[in-house]
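Enquirer: Got a structure for you, written out below as structure tokens; questions coming shortly.
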Amino acid sequence: MKIADTHCHLSFANFDTDRSEIIAKDLEAGVQFSLQIGCDEISSLASLKLAKNHDFMFASLGLHPCEVAGLIKGEPIKYPLQGFENHQQINQNLSDFFTWLDSLIDKNKEQVLALGETGFDRYYNNSEQSFIWQQDSFDRHLKLCDKYNLPVVIHTR
């Protein structure tokens with residue numbers, strides 16, 4: 001049986017201690033395709049790094065709806081990831097982020113197979129302003145999807 005895992009977050013810090021073992025078990029179990037999902041600048045970079053280091057992995061790059069307000073408000077990255085402890089946040093607003101994302105996709109077309117995780121989430125912040133920002137981010141993801149003919153990974157809650 002061929003197995004595809006279409007939504008993984010192996011770049012997240014909670015996998016730092018056993019990431020290699022999980023990857024080995026995936027291969028042993030017959031996983032032939034794994035899509036690593038980016039949720040912000042740093043996890044997108046980490047997902048892309050995994051995709052470059054493992055032939056069966058690919059990346060989806062994006063900005064999770066729960067991270068949109070933080071980027072717009074200029075809040076620092078909250079989740080340093082292994083191998084990116086000294087990373088200095090490049091993007092300070094949505095326009096910068098999506099210009100950067102466009103360039104990152106263009107330079108890594110073979111590893112980037114989708115965009116997102118994007119969408120809508122009013123669980124942690126139910127303000128109308130946050131929802132408007134999430135809509136803007138979602139629209140920007142879709143424009144890049146159209147430009148590069150890529151599917152979108154949608155988060156809704």
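The values are calculated or read from the model by the stated rules, or taken from the named source; none is laboratory data. Being a predicted model, the structure only gives us computed values, none of them experimental. All Cβ positions, even for glycine, are placed from backbone atoms using ideal geometry, and neighbour counts span all protein chains on display. Protein only, heavy atoms only, side chains kept; ligands, DNA and RNA dropped before computing areas. Shrake-Rupley method; radii C 1.70, N 1.55, O 1.52, S 1.80 Å.
Enquirer: Considering Cα pairs under 8 angstrom that are at least six residues apart, work out the relative contact order of the stretch 85-157 and quote it in whole percent. The partial results should precede the final answer.
Expert: Values: 61 pairs, mean separation 28.2, N = 73.
About 39 percent, as a whole number.
Enquirer: Round to a whole number: what % of the accessible area of the chain belongs to carbon and sulfur, probe 1.4 Å?
Expert: 51 percent
Enquirer: What does the net charge come to around K25 if you take all other residues with beta carbon closer than 15 Å to its beta carbon, with K and R at +1 and D and E at -1?
Expert: It works out to a net charge of -4.
Enquirer: Considering lysine pairs in the stretch 43-148 that are 8 or more places apart or on different chains, how many have Cα atoms under 15 Å apart? Walk me through the numbers before you get to the answer.
Expert: Working: K49/K107; K49/K109; K52/K107; K52/K109; K107/K147; K109/K147.
Going through the stretch 43-148 pair by pair, I get 6.
Enquirer: Taking 0.36 nm per residue of sequence separation and subtracting the Cα-Cα distance, how much length would be gained by fully extending the chain between S103 and S20, in nm to one decimal?
Expert: Stretched fully, the S103-S20 segment lengthens by 26.9 nm.
Enquirer: I want to check the label-to-label distance for D139 and R157. Put each point 7 Å from Cα in the C-beta direction and report it in nm to one decimal.
Expert: Output for this residue pair reads 2.5 nm.
Enquirer: So, one more: With unit charges on the beta carbons (Lys and Arg positive, Asp and Glu negative) and the dipole taken about the Cα centre of the chain, which residue among I132, A46, C8 sits farthest to the positive side?
Expert: Checked the options; the winner is I132.
Enquirer: By average Cβ neighbour count within 10 Å, what is the ranking of 11-22, 104-115 from highest down?
Expert: The packing order, highest mean first, is 104-115, 11-22.
Enquirer: Next question, about the same structure. For the chain, what does the helix formula give at 222 nm: sum of -39500 (n - 2.57) over DSSP H segments with n ≥ 4, over the residue count, nearest 500 deg cm²/dmol?
Expert: -13500 deg cm²/dmol
Enquirer: Something else: Quantify how much of the Cα-Cα distance distribution of the stretch 76-157 extends past 20 Å, in percent.
Expert: 44 percent
Enquirer: Determine the per residue accessible area of the chain with all protein chains present and a 1.4 angstrom probe, expressed in square angstrom.
Expert: Computed with neighbouring chains in place, this is 54 Å² per residue.
Enquirer: Using alpha-carbon pairs under 8 Å, 6+ residues apart, how would you state the relative contact order of the stretch 6-157 in percent?
Expert: 23 percent
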